[in-house]
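First the structure, in the form of structure tokens, and then the observations on it.
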Amino acid sequence: MPFRWGLSSMNKQMIKYMKLRIRNKGDLIRLRNLIAYKVFRNSTKINKFISYKISWREYKNYLTKTLIDITKIDASLIVDEVNYVGKMTLENRFDLLGSGWVRYRSDLKDDSRNTCGYSGISWNVDIKTGYRWPADYLDENKCIHSPDGVDIKNVWELGRMNFLVPFSMYVLSAADHERQTEALIHYRNMIQDFTENNPVGIGVNWVLPMEASIRISNILISYDVLKQIDTKNIFDKAFTMLMAQLVYGHIKFIWNNLEKNIFDGRNGNHYYSNIVGLLVATSYLQNKNIFTKKIYKYARKEFFKETKEQFYSEGGHFEGSTGYFKLVAEMAVFGTAMLIRNGEVVPDFVMERLYNNRNLAVSLRKADHSYYFFGDCDSGRFIKIVPHGKFLSNSEAESKFLNLDGYTKLYGKDEKYFLEDDSCMDSLIRYADGLIGNTKTDTSSLEAVIVCQLAGKRLNYQKVYTNSYGTMEQNDRKKQISLNLEQSTLEKYPIRKTTELSDFQMGNNPLDFMLFSKMGVCVIRNDRVSLLFRFGANEKTGHGHNDTLHYEYEVDGISYQKDPGTYTYTGYPEKRNVYRSAKVHNVPYYGQEQRAFQGIFGYGTTDNREIVEFTKNAIAVRYRNAYCDHIRRIVIREDRVFVEDYGKSNFDIHRKRQIRTSPAYGVIYRNVEK
């Protein structure tokens, strides 16, 4: 007899026994899942027990349709990087958060998955440490507070299945029909493997609905492509029903566990991913029933609301890091594409934010085509179609990165190694190009083609304004002040220090100031030099660093004073705090952190930033916290660039601690960059 939804005395005793906090309907579902798991130890029976399994009569409501026409995809757009990831996926080899291209396989004895040439995957094992999370119920706190060196993100990254869309493109480009058949069988086995060993709501891959939202989106887009290639009925009726069950399970799980109000009453990237995941899943359904129609309408309403609240109209995201900006901006593009596909009218404020997100991404690009980054950069992606990076040999990769120690002993020295650039925003720019019809770039990219096909058309959106000097938003114009007022203000700061950037040679071209005031960044650039001034935003978020007033620059492709990156979250909490500290950023230092650390993501003190000058030759920002009041000014005089610091008490500059830079989450250079 199934449990009732109410908290009966029996259910209350179970809750007390399991010591679980029941905060919402989703927690009660997971409790029932756990009880079922301990009783049955079988995913099929569990799904039947907890009503995550749909009947054969209902499964037709969860069949998916085709949104992508593979006949309109030019095979020449499927580049070597895509094919490399596809081949590695066929071998169950994934490079996840600095692991290297390691082969993932089941380590269970007598595992039924190791049949028919398919080696199963241990979905709940941290590949770097071998630590195995239990297969039953887990809450987020248990995942975060794990042994030293163990990082839950390594497992979650695998469970997101960002490798499936490149894999589908690889299969599409394969000229060998036998290889295509092999790949389709591998895909089927992989989906079956995950489904059978990760019952809905149970285990590490169902802790966060965000992970489920990203996973189902990647599964649906890849399945859309691959089922059109299947001419041998590899995706038979049984697998089709399994896919319908998978879609239903993800939709219901996300719906029952929406991640709302995690920023003191404000929604963040987790909730936004839930909404976009529901939009993708319901938009792929051939037929919507009462339940899925309700979910789609809710997701549509919340998408518009959250897009307006989470993104700034000038471009950027309130959580204050380039990594999370890229992740959530990708979600915004795919969510908009789904709405366009469904015939919805997209408000101008959504298109404005998509366009200016693209504008910010372009502004962050350096002359060598790498990108500035700041704040938490945890390598998160929503949909990955084309990975961007460069090829090395295994020996070159190991010699360059400390996290790859011993890699050549496993896979040899000469094998080709693809090093992905996780800070790269080329995909975000191309996604926007596939949706916005008047961008002035070449849109013949695989990313643009896929997004355009998902949407069904491209929209002609006209640019409203730019963020360069002289054409700012109206609320920024009032921040332009006269030199006389500036001088009187600076007289209140008796301690002054000036640094000339002697190697910042402008050449003959003038510099352009690109200001994104709400996200707290200004980029000063011409065609051969650029400088990023990071002053932060007055927002409460867990993904910013103590980097207020940090600056870095590049000249002819050579970078100076680079941001150190993120490296880790929960794996090494002490190192986490080092990489987000003021000591490793190029900021004025008053002997202590700008904000006191509070846990892995929080800060215990408040601070304030204010733009006090913005002209065609200078920008100045005032920063205040409990113990300092400081102005940093970047000014151009006679084609020379100066950084001027003004304080009311003693401070140091040029104290940036030299540490190994982390260009991506879990990745760390072997040598310290000077």
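Select from segment 300-329 the residues that are in a helix (DSSP H, G or I) and of a type in the set (A, V, I, L, M, F, W, C) and list them in ascending order.
Phe303, Phe304, Phe325, Leu327, Val328, Ala329
Please enumerate the residues belonging to segment 412-428 that are closer than 17 Å to Val667 by Cβ, of a type in the set (Ser, Thr, Tyr) and not in a strand (DSSP E or B).
Hit for segment 412-428 is Ser423, nothing else.
Taking Lys497 as meeting all but one of (1) touching a residue at least 12 places away in the same chain (Cβ under 8 Å); (2) assigned to a loop (DSSP other than H, G, I, E, B), write down the number of the exception.
Failed condition: (2).
Restricting attention to segment 132-167, report how many residues are under 20 Å from Asp376 (Cα atoms) and crowded, with 16+ Cβ neighbours inside 10 Å.
Count: 13.
Would you pick out the residues in segment 582-596 that are in contact (Cβ under 8 Å) with a residue 24 or more places away in the chain, open to solvent by 10 Å² or more (accessible area, probe 1.4 Å) and closer than 28 Å to Ile144 by Cβ?
Those that are in contact (Cβ under 8 Å) with a residue 24 or more places away in the chain, open to solvent by 10 Å² or more (accessible area, probe 1.4 Å) and closer than 28 Å to Ile144 by Cβ: Lys583, Gln592, Glu593, Gln594, Arg595.
Have a look at Glu352, Glu314, Glu319, Glu302 and point out the one that is buried (at least 19 other Cβ atoms within 10 Å of the Cβ) and free of Cβ contacts under 8 Å to residues at least 40 places away in the same chain.
Just a single option satisfies the conditions, and that option is Glu302.
Six or more apart or on different chains, Cβ atoms under 8 Å: show the pairs whose first residue is in segment 371-382 and at pLDDT 90 or above and crowded, with 24+ Cβ neighbours inside 10 Å and whose second is part of a loop (DSSP other than H, G, I, E, B) and of a type in the set (Lys, Arg).
Asp376/Arg580
What is the one condition in (1) at pLDDT 95 or above; (2) open to solvent by 10 Å² or more (accessible area, probe 1.4 Å) that Val200 does not satisfy?
For Val200, the exception is condition (1).
Condition (residue is touching a Lys or Arg at 6+ places or on another chain (Cβ under 8 Å), buried (at least 16 other Cβ atoms within 10 Å of the Cβ) and part of a loop (DSSP other than H, G, I, E, B)) applied to segment 600-607: is it met by at least one residue?
yes
Quick check on my filter: what residues within segment 619-674 are over 30 Å from Glu396 (Cα atoms), of a type in the set (Val, Ile, Thr) and without any contact (Cβ under 8 Å) to a residue 60 or more places away in the chain? Full working, then the answer.
Within segment 619-674, the first condition is being over 30 Å from Glu396 (Cα atoms), and the residues that meet it are 619-655.
Then keep just the ones that are of a type in the set (Val, Ile, Thr); that gives 619, 621, 631, 634-636, 641, 643, 653.
Of everything in segment 619-674, just one residue is over 30 Å from Glu396 (Cα atoms), of a type in the set (Val, Ile, Thr) and without any contact (Cβ under 8 Å) to a residue 60 or more places away in the chain, namely Val635.
Being over 30 Å from Asp126 (Cβ atoms) and surrounded by fewer than 23 Cβ atoms within 10 Å (Cβ to Cβ) is true for just one of Glu613, Glu554. Which residue is that?
Glu554
Being surrounded by fewer than 24 Cβ atoms within 10 Å (Cβ to Cβ), closer than 30 Å to Gln245 by Cα and at pLDDT 95 or above is true for just one of Glu396, Glu344. Which residue is that?
Details: Glu396 fails: closer than 30 Å to Gln245 by Cα.
Exactly one residue qualifies, and that residue is Glu344.
Quick one: which of Asp421, Asp426 is touching an Asp or Glu at 6+ places or on another chain (Cβ under 9 Å) and touching a residue at least 24 places away in the same chain (Cβ under 8 Å)?
Answer to the check: Asp426.
Could you check how many residues of segment 649-669 are under 20 Å from the mean Cα position of the chain (by Cα) and either farther than 16 Å from Ser581 by Cβ or not in a strand (DSSP E or B) (or both)?
Counting residues in segment 649-669 that are under 20 Å from the mean Cα position of the chain (by Cα) and either farther than 16 Å from Ser581 by Cβ or not in a strand (DSSP E or B) (or both) gives 7.
Restricting to segment 634-651, give me the number of residues that are surrounded by 13 or more Cβ atoms within 10 Å (Cβ to Cβ) and farther than 13 Å from Thr498 by Cβ.
Residues meeting the conditions: 4.
Please find, among Lys297, Lys252, Lys260, the residue that is in a helix (DSSP H, G or I), open to solvent by 20 Å² or more (accessible area, probe 1.4 Å) and closer than 27 Å to Gly316 by Cα.
Lys297
Check segment 565-579 and report whether any residue there is part of a loop (DSSP other than H, G, I, E, B), in contact (Cβ under 8 Å) with a residue 12 or more places away in the chain, in contact with a strand residue (DSSP E or B) (Cβ under 7 Å, 6 or more places away or on another chain) and open to solvent by less than 10 Å² (accessible area, probe 1.4 Å). Lay out the reasoning, then the answer.
At the first step, the residues of segment 565-579 found to be part of a loop (DSSP other than H, G, I, E, B) are 566-572.
Narrowing the set further to residues that are in contact (Cβ under 8 Å) with a residue 12 or more places away in the chain leaves 566-572.
So of that shortlist, the ones also in contact with a strand residue (DSSP E or B) (Cβ under 7 Å, 6 or more places away or on another chain) come out as 566-567.
Subsequent filtering for residues that are open to solvent by less than 10 Å² (accessible area, probe 1.4 Å) retains 566.
Looking for residues that are part of a loop (DSSP other than H, G, I, E, B), in contact (Cβ under 8 Å) with a residue 12 or more places away in the chain, in contact with a strand residue (DSSP E or B) (Cβ under 7 Å, 6 or more places away or on another chain) and open to solvent by less than 10 Å² (accessible area, probe 1.4 Å), one finds at least one in segment 565-579, hence yes.
Would you pick out the residues in segment 227-239 that are in a helix (DSSP H, G or I) and either hydrophobic (A, V, I, L, M, F, W, C) or surrounded by 15 or more Cβ atoms within 10 Å (Cβ to Cβ) (or both)? Even if it seems obvious, please write down each step before you answer.
As a first pass, look at segment 227-239 and keep what is in a helix (DSSP H, G or I): 227-229, 237-239.
Once the filter is applied, which keeps residues that are in a helix (DSSP H, G or I) and either hydrophobic (A, V, I, L, M, F, W, C) or surrounded by 15 or more Cβ atoms within 10 Å (Cβ to Cβ) (or both), segment 227-239 yields Lys227, Gln228, Ile229, Ala238, Phe239.
Residues that are among the acidic types (Asp, Glu), modelled with pLDDT of 95 or more and either in contact with a Pro (Cβ under 7 Å, 6 or more places away or on another chain) or open to solvent by 10 Å² or more (accessible area, probe 1.4 Å) (or both): does segment 187-197 have at least one?
No, the conditions are met nowhere in segment 187-197.
Considering only residues of segment 75-106 that are among the small types (Gly, Ala, Ser) and open to solvent by 30 Å² or more (accessible area, probe 1.4 Å), which is nearest to Val171 (Cα to Cα)?
Per the stated criteria, the residue is Ala75.
With segment 127-217 as the region, which helices (runs of 4 or more DSSP H) entirely inside it contain at least 1 residues that are more than 21 Å from Ile600 (Cα to Cα)?
It comes to 152-160, 164-173, 177-197.
Filter segment 211-224 for residues that are surrounded by 23 or more Cβ atoms within 10 Å (Cβ to Cβ) and among the aliphatic types (A, V, I, L, M); which is nearest to Tyr284 (Cα to Cα)?
Out of the qualifying residues, it is Leu220.
Consider segment 536-550. How many of its residues are in a strand (DSSP E or B) and surrounded by fewer than 23 Cβ atoms within 10 Å (Cβ to Cβ)?
Total satisfying the criteria: 0.
The values are calculated or read from the model by the stated rules, or taken from the named source; none is laboratory data. Just so we're clear, the structure is a prediction, and the values are computed from it rather than from any experiment. In this analysis, Cβ positions are derived from the backbone assuming ideal geometry, glycine residues included, and neighbour counts consider all displayed protein chains. All accessible areas refer to the heavy atoms of the entire protein, side chains included, with ligands and DNA or RNA removed. Shrake-Rupley method; radii C 1.70, N 1.55, O 1.52, S 1.80 Å.
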